[in-house]
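Colleague: My questions all concern the structure below.
Read-outs throughout are calculated quantities, based only on the coordinates presented, and are distinct from any laboratory measurement. No experiment lies behind these values; they were computed from the predicted model shown. Virtual Cβ from ideal backbone geometry, glycine too; neighbours counted across all protein chains shown.
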Amino acid sequence: MVATQSSMLKLDTNASPFTLFDTNSGSAVSFSCSTVGKGFLFAFICNHCPFVIHLKRHFPDLFNNWVDQGIKVYAISSNDSIEYPADSPEQMAKEAKESNFNFPYLFDETQQVAQDYKATCTPDFFLFNEHQKLVYRGQYDSSRPGGEIEVSGKDLINAVDRMVAGEKPLANQIPSLGCNIKWKK
């Protein structure tokens, strides 16, 4: 496992459009400039990464709650599923069902969406406000696999709370840390 930090895309960047296959519903899901929501969270995750597995008991309920509040959540796996079959669309669908995802779990087969968002690791989180401007990119919290800090989601929760309240994003945001995205050769 290679620990990689997120690239920290510039705040106020516009969200990029896409259409990807949703392994959770079995249909295509599109995001565009006309998509409406109180905010938009793009979570680059996968099934096999120890950093994502470490958060797995916590984030589905949190993300489902945000969906209920009108925030659009998109979990995206951009890993090479040929070299990493645990990240195949079939395994993603199984994971979404077992973990009770009430949000899309999208397969970025061409890896173009990860490139557009400059995602570099799993997990990698990008939060955009209702105007689709980036207000947060960084870690879920300071917990790590095998560490002593409990999973809380503190950093991402704080960013969502600030966004919903209409407050300016914090200038000091800590990069996410996880496994590198498994790029196709």
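Colleague: Please enumerate the residues belonging to the range 31-54 that are hydrophobic (A, V, I, L, M, F, W, C) and in contact with a Cys (Cβ under 8 Å, 6 or more places away or on another chain).
Modeller: First, the residues of the range 31-54 that are hydrophobic (A, V, I, L, M, F, W, C): 31, 33, 36, 40-46, 49, 51-53.
Passing the criteria: Phe44, Cys46, Cys49, Phe51, Val52.
Colleague: So, one more: Name, by its number, the condition in (1) hydrophobic (A, V, I, L, M, F, W, C); (2) out of contact with any helix residue (DSSP H, G or I) (no Cβ under 7 Å at 6 or more places or on another chain); (3) surrounded by fewer than 17 Cβ atoms within 10 Å (Cβ to Cβ) that does not hold for Ala114.
Modeller: If we test Ala114 against (1) hydrophobic (A, V, I, L, M, F, W, C); (2) out of contact with any helix residue (DSSP H, G or I) (no Cβ under 7 Å at 6 or more places or on another chain); (3) surrounded by fewer than 17 Cβ atoms within 10 Å (Cβ to Cβ), just (3) comes out false.
Colleague: Would you kindly identify the strands (runs of 3 or more DSSP E) lying entirely within the range 1-71 that contain at least 1 residues that are among the polar types (S, T, N, Q) and either touching a residue at least 60 places away in the same chain (Cβ under 8 Å) or closer than 16 Å to Tyr117 by Cα (or both)? I'd like the intermediate steps shown before the answer.
Modeller: Values: elements: 3-5, 18-22, 27-31, 39-44.
Fully inside the range 1-71 and qualifying: 3-5, 18-22, 27-31.
Colleague: Which number in (1) under 15 Å from Cys46 (Cα atoms); (2) in contact (Cβ under 8 Å) with a residue 24 or more places away in the chain; (3) in a helix (DSSP H, G or I) marks the one condition that Lys94 misses?
Modeller: Unmet for Lys94, out of (1) under 15 Å from Cys46 (Cα atoms); (2) in contact (Cβ under 8 Å) with a residue 24 or more places away in the chain; (3) in a helix (DSSP H, G or I): (2).
Colleague: Kindly indicate whether Asp80 is farther than 15 Å from Phe31 by Cβ, acidic (Asp, Glu) and free of Cβ contacts under 8 Å to residues at least 40 places away in the same chain.
Modeller: Details: farther than 15 Å from Phe31 by Cβ: yes; acidic (Asp, Glu): yes; free of Cβ contacts under 8 Å to residues at least 40 places away in the same chain: no.
Here the answer is no, as Asp80 does not meet what is asked.
Colleague: What about Glu148, is it more than 25 Å from Ser16 (Cβ to Cβ), out of contact with any helix residue (DSSP H, G or I) (no Cβ under 9 Å at 6 or more places or on another chain) and assigned to a loop (DSSP other than H, G, I, E, B)? Can you show your working first?
Modeller: On the way: more than 25 Å from Ser16 (Cβ to Cβ): yes; out of contact with any helix residue (DSSP H, G or I) (no Cβ under 9 Å at 6 or more places or on another chain): yes; assigned to a loop (DSSP other than H, G, I, E, B): yes.
Criteria met by Glu148.
Colleague: Looking at Asn158, is it within 17 Å of the chain's Cα centre (by Cα), surrounded by fewer than 22 Cβ atoms within 10 Å (Cβ to Cβ) and not in a strand (DSSP E or B)?
Modeller: On the way: within 17 Å of the chain's Cα centre (by Cα): yes; surrounded by fewer than 22 Cβ atoms within 10 Å (Cβ to Cβ): yes; not in a strand (DSSP E or B): yes.
When the stated conditions are applied, Asn158 passes them.
Colleague: Just to verify a result, which residue in the range 72-86, among those that are of a type in the set (A, V, I, L, M, F, W, C) and assigned to a strand (DSSP E or B), is farthest from Val36 (Cα to Cα)?
Modeller: Let us first name the residues in the range 72-86 that are of a type in the set (A, V, I, L, M, F, W, C), namely 73, 75-76, 82, 86.
Those still in the list that are assigned to a strand (DSSP E or B) too: 73, 75-76.
On the way: Val73: 12, Ala75: 17, Ile76: 19 Å.
Among those residues, the one meeting the criterion is Ile76.
Colleague: Kindly indicate whether any position in the range 89-102 is of a type in the set (S, T, N, Q) and within 24 Å of Arg162 (Cβ to Cβ). First the steps, then the outcome.
Modeller: Taking the range 89-102 and keeping what is of a type in the set (S, T, N, Q), we get 91, 99-100, 102.
With within 24 Å of Arg162 (Cβ to Cβ) added as a condition, the list becomes 102.
Yes; the residues of the range 89-102 include at least one that is of a type in the set (S, T, N, Q) and within 24 Å of Arg162 (Cβ to Cβ).
Colleague: Within the range 161-173, which residues are loosely packed, with under 15 Cβ neighbours inside 10 Å and not charged (D, E, K, R)? Walk me through how you get there before you give the answer.
Modeller: So the first thing to find is which residues in the range 161-173 are loosely packed, with under 15 Cβ neighbours inside 10 Å, and the list is 161, 165-168, 171-172.
Selection gives Ala165, Gly166, Ala171, Asn172.
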